[in-house]
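A short reminder: the numbers here are calculations on the coordinates, not readings from a lab. Note that the coordinates shown come from a computational prediction; the quantities given were computed from them, not determined experimentally. Counting neighbours? That spans all protein chains shown, and the Cβs are built from the backbone with ideal geometry, glycine included.
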Amino acid sequence: MGIIKINIPAYMQSFTNNMEVVEVNGSTVGECLNHLVKQFPGMKKQLFSKNGNLFENIIISVNGESAYPEQLAKPVKEGDELNIVLIVGGG
Amino acid sequence: MLTTNELERYDRQIMIKGFGEEGQEKLKRARVIIAGGGGLSSPSSIYLAAAGVGMIRIVDNDKVELSNLNRQVLHWDKDIGRRKVDSAAEKLKKLNEGVEIEAIDEMITEANVSQLVAGFDLVVDAMDNLPTRYLLNKAALEKDIPFFHGAVYGFEGRAMTIIPGKTACLECVYHGTTTPEEKFPVIGVTPAIIGCIQAAEVIKYIVGIGELLTNRLLICDGLNLKFTELKVKKDPNCKHCGHLGGKE
Ligand SMILES: [Zn+2]
């Protein structure tokens, strides 16, 4: 279980003390996000619904590739980089 | 054949390597439908008309409102209350008389989407909601028409090009996810960036130059001015395109 980097999108950085990148530990995407929330509790409402599911309109990518369909269960390893991608529909 | 006037008008782009008079003739023959007449439609239609795309159909059934004018630059103060498609057609015709503009004042629905895109070479996604984007995605796939996706929220933008049966489609990436249909924040520069990227993709596709934005969703973070990509694959189980073609 090594260090994994999570890039925080601009509109969420107010919940991470303006940090653009947060380092976390975990062996799955889910564990990494939980560690992120542990460090920055304000991120919980940004990522998870009341019943603890990742919001439908968020895609997590691992090294630029969508974690779908495994999502939270997707394994990660030291040096991996996660991105939080918001699905947007405005025009 | 291009006229003397056209050769002069498009001289600077004809000069681009790989473009040439042949590329300009392809643009002249192209028929593009732009779904939507607002924020994304404004820049994409302006630059496609300026580039000399032969025929542009714009579909929208809204009227111009004051709160549209911060971003929908085709519509001006004088147009408030007018049908958006009429306002758009007037400006585009004045910009380039050589381009045929067709204004369709209709809401895009499951019932009419197929008929609206039929006979067009390309579909530009300039909608303001995801459900209609899925209708367009599906119709474009069924009719084997390339589909140019764009979307915005605040300073955030997204874009992707879809070649039916060959590259990942919108459903492959988003799996039918919708976002709440509500008033969303946006500033004009974001649809300007994304709409221009869509127009650039359309031009590249028609002329046949460059590398298209396929199998990658472009993510534009305008606040930090960072562009990243989400690599995506055509999903063999995709509800919209799983049954089509091979992979690339
Ligand atoms: Zn698909």
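Only beta bridges with both residues in the protein assembly as shown are counted; by DSSP, about 60 percent of them are antiparallel.
Annotation: lysines with alpha-carbon distance below 29 angstrom to A:LYS38 (same-chain offsets under eight excluded): A:LYS5, A:LYS50, A:LYS74, A:LYS77, B:LYS226, B:LYS231.
Return the FRET efficiency for the residue pair B:GLU181, B:GLU229: r is the Cβ-Cβ distance, R0 is 41 Å, and the value is rounded to the nearest 0.05.
0.90
About its Cα centre, the protein assembly as shown has a charge dipole of approximately 280 debye under the convention of +1 per Lys or Arg Cβ and -1 per Asp or Glu Cβ, with nothing else charged. Using R0 = 51 Å, the C-beta based FRET efficiency linking B:GLU102 and B:ASN237 works out to 0.85. For chain B, the share of DSSP beta bridges that are antiparallel, to the nearest 5, is 50%. Of all lysines in the structure, the ones whose alpha carbon falls short of 17 Å from that of B:LYS17, not counting any fewer than 8 places away in one chain, are B:LYS26, B:LYS204. Rounded to whole numbers, the Karplus 3J(HN,Hα) couplings from phi for segment B:190-203 are 5, x, 5, 5, 5, x, 5, 5, 4, 4, 4, 5, 4, 5 Hz, using 6.51 cos²θ - 1.76 cosθ + 1.60 with θ = phi - 60°, and x at Gly and Pro.
What ranking of B:ARG57, B:ARG82 emerges when the number of other C-beta atoms within 10 Å of each C-beta is taken as an exposure proxy, fewest first? Please report the intermediate quantities before stating the final value.
On the way: B:ARG57 20, B:ARG82 15.
Fewest to most other Cβ atoms nearby, the residues stand as B:ARG82, B:ARG57.
Counting other beta carbons within 10 Å of each residue's own, what order do A:PHE40, B:PHE120 fall into, fewest first?
On the way: A:PHE40 17, B:PHE120 20.
If I rank by nearby Cβ atoms, fewest first, I get A:PHE40, B:PHE120.
For segment B:59-96, the residues whose amide N sits under 17 Å from a probe point set 7 Å from the Cα of B:GLN115 along the beta carbon direction are B:59-61.
Karplus-based coupling profile of segment A:24-38, in residue order and whole Hz: 9, 10, x, 10, 9, 4, x, 5, 5, 5, 4, 5, 4, 5, 4, with θ = phi - 60° in 6.51 cos²θ - 1.76 cosθ + 1.60 and x standing for Gly or Pro. Scalar couplings 3J(HN,Hα) for segment B:34-40, obtained by applying the Karplus form with A = 6.51, B = -1.76, C = 1.60 to θ = phi - 60°, are 9, 8, x, x, x, x, 7 Hz; x denotes Gly and Pro. Site pair A:MET12 and B:LEU2 shows an inter-label distance of 4.7 nm when each label is modelled 7 Å from Cα along Cα→Cβ.
Can you pull the semi-axes for segment B:1-109, root of five times each eigenvalue of the Cα gyration tensor, sorted largest first, whole Å?
Working: eigenvalues 160, 36, 25 Å².
With the √(5λ) rule applied to segment B:1-109, the semi-axes are 28, 13, 11 Å.
Going from the residue with the fewest nearby Cβ atoms within 10 Å to the one with the most, A:HIS35, B:HIS75 rank A:HIS35, B:HIS75.
Write down Rg/Rh for chain B, rounded to two decimals, with Rg from the C-alpha atoms and Rh from the Kirkwood relation over Cα pairs. Can you show the working numbers first?
Values: Rg = 17.3 Å, Rh = 18.2 Å.
Using Cα coordinates only, the ratio equals 0.95.
Taking GluC sites (Glu not before Pro) across segment B:1-103, the ones in a DSSP loop with at most 11 further Cβ atoms lying within 10 angstrom of their Cβ are B:GLU97. Taking N as the residue count of the protein assembly as shown, its C-alpha radius of gyration divided by 2.2 N^0.38 Å amounts to 1.04. Spatially, segment B:32-49 and segment B:160-219 are offset by 13 Å when compared through their Cα centroids. Please say if chain A is rounded, prolate or oblate, where rounded means a/c under 1.5 for a ≥ b ≥ c the square roots of the C-alpha gyration tensor eigenvalues, and otherwise the choice is prolate for a/b larger than b/c and oblate otherwise? The shape class here is rounded.
Count the DSSP beta bridges whose two residues both fall in segment A:2-86, then state the antiparallel fraction as a percent rounded to the nearest 5.
Details: 14 of 17 bridges.
Antiparallel: roughly 80 percent of the beta bridges in segment A:2-86.
Close amide H partners of A:ILE58, meaning residues 5 or more places away or on another chain with modelled amide H under 5 Å apart, are A:ILE87.
Taken residue by residue and averaged, Cβ atoms of other chains lying within 10 Å of the Cβ of A:78-90 number 6.
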